[in-house]
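Q: Structure incoming, see below.
Please treat every number below as a calculation from the coordinates, not as lab data. All values reported here derive from a predicted model rather than from experimental measurement. With ideal geometry, Cβ positions are generated from the backbone for all residues, glycine too; neighbour counts draw on all protein chains shown.
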Amino acid sequence: MSPLRTAILAQILGAIVAAALIQIGYPKLFNQTLLAAGVQGACAALASHKLEAPRWWVSIHLVFMPLVALAYGLGIDPLWYLGVFVILLLVFWRTDKSRVPLYLSNSATADVLLTLLPATPCHVLDIGCGDGRLLRRLAQARPDCEFLGIEHAPLTFLWAWIGALGMVNCRIRRGDFWRQSLGLFDVVYAFLSPVPMPRLWRKARAEMRPGTLLVSNSFPLPDVDPESIVCVGDRRHTRLHCYRPAVAGNIPAVAE
């Protein structure tokens, strides 16, 4: 079941259980909106835990309905909520489906990544490039190389695309990076999440050429030993996991 469906189910179950408990135990609580919302939040959080959703969803369920009740009491025009929802959707798009949040690579990471690029001209791909800040920094430092970023969220893509205007060696394209062949690139950079890493490894093993490099920011490939791990030394304690997918002895492929 997708995370979104699990979240919706947890909210529904929380509402049903909370309504039953209040009706049986203290029906007058229905007139105390915030307290009733708190009971629903607790029940939804418990349902989320029982449905084995990620831990951070439990906290979201716990406060979601109480926050809705508080916001309702403010008397704000519903169009404002709609506007905020649309903006968030355009920035994060279908994170519930891709399971890849918006992570932004900082300048320190870009500087370290520069040291990992081949000394000769090369082609670099950033899958899920966000606002494109990393690619812009790389493209400015290495005008002899070609850089491509792929981003699926509309507003984030537009931000990255505008930022790259006028840069002859940096292109930003909107789309699904799973449809992009990795065989054209000497270095592939990824800052995704733990969920898609096994699939990315299978794709890299199938498409990347001998000698090419896959760099994963923060999230290692499960059951695969990296060629090296580079510590960035920033506040995040960022670690870049470096792999050579086309090297025959590079540890067994990730299990399906």
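Q: If you place +1 on the Cβ of every Lys and Arg and -1 on the Cβ of every Asp and Glu, how big does the dipole about the Cα centre of the stretch 107-243 come out, in debye to the nearest 20?
A: 260 debye
Q: Explain nothing, just compute: Karplus ³J(HN,Hα) = 6.51 cos²θ - 1.76 cosθ + 1.60, θ = phi - 60°, for every residue of the stretch 128-143 in order, whole Hz, x for Gly and Pro.
A: Running phi through 6.51 cos²θ - 1.76 cosθ + 1.60 with θ = phi - 60° gives x, 7, x, 7, x, 4, 5, 5, 4, 5, 5, 5, 5, 7, 10, x Hz.
Q: Using the Karplus equation 6.51 cos²θ - 1.76 cosθ + 1.60 (θ = phi - 60°), what ³J(HN,Hα) coupling, rounded to whole Hz, does each residue of the stretch 116-126 give in order, writing x for Gly and Pro?
A: So the Karplus estimates, Gly and Pro as x, are 8, 6, x, 5, 8, x, 8, 10, 10, 10, 10 Hz.
Q: Mind listing the long-range amide H neighbours of Ala246? Cut-off is under 5 Å, sequence gap 5 or more, other chains count too, H placed in the peptide plane at 1.01 Å from N.
A: Close amide H contacts, sequence-distant or interchain: Gly211, Thr212.
Q: Same structure, new question: Order the peptides 117-126, 33-42 from the highest to the lowest mean number of other Cβ atoms within 10 Å of their residues.
A: 33-42, 117-126
Q: How high is the relative contact order of the stretch 3-76, in percent, with contacts defined as C-alpha pairs under 8 Å that are six or more residues apart?
A: 36 percent
Q: Further question on the same structure: Quick one: what do you get for the stretch 3-76 if you divide its Cα Rg by 2.2 N^0.38 Å?
A: Rg over 2.2 N^0.38 Å, computed on Cα atoms: 1.08.
Q: Lys/Arg Cβ at +1, Asp/Glu Cβ at -1, dipole of the stretch 114-221 taken about the Cα centre: which of Pro196, Ser216, Gly149 is farthest positive-ward?
A: My answer, from the dipole projection, is Pro196.
Q: For the stretch 107-243, report the translational diffusion coefficient in µm²/s to the nearest whole number, using Stokes-Einstein at 4 °C, 1.567 mPa s, and a Kirkwood Rh over Cα pairs.
A: After rounding, the answer is 86 µm²/s.
Q: Out of residues 5 or more away from Arg142 or on other chains, whose amide H comes under 5 Å of its own, with H placed 1.01 Å from N in the peptide plane?
A: Counting only residues 5 or more places away or on other chains, the set is empty.
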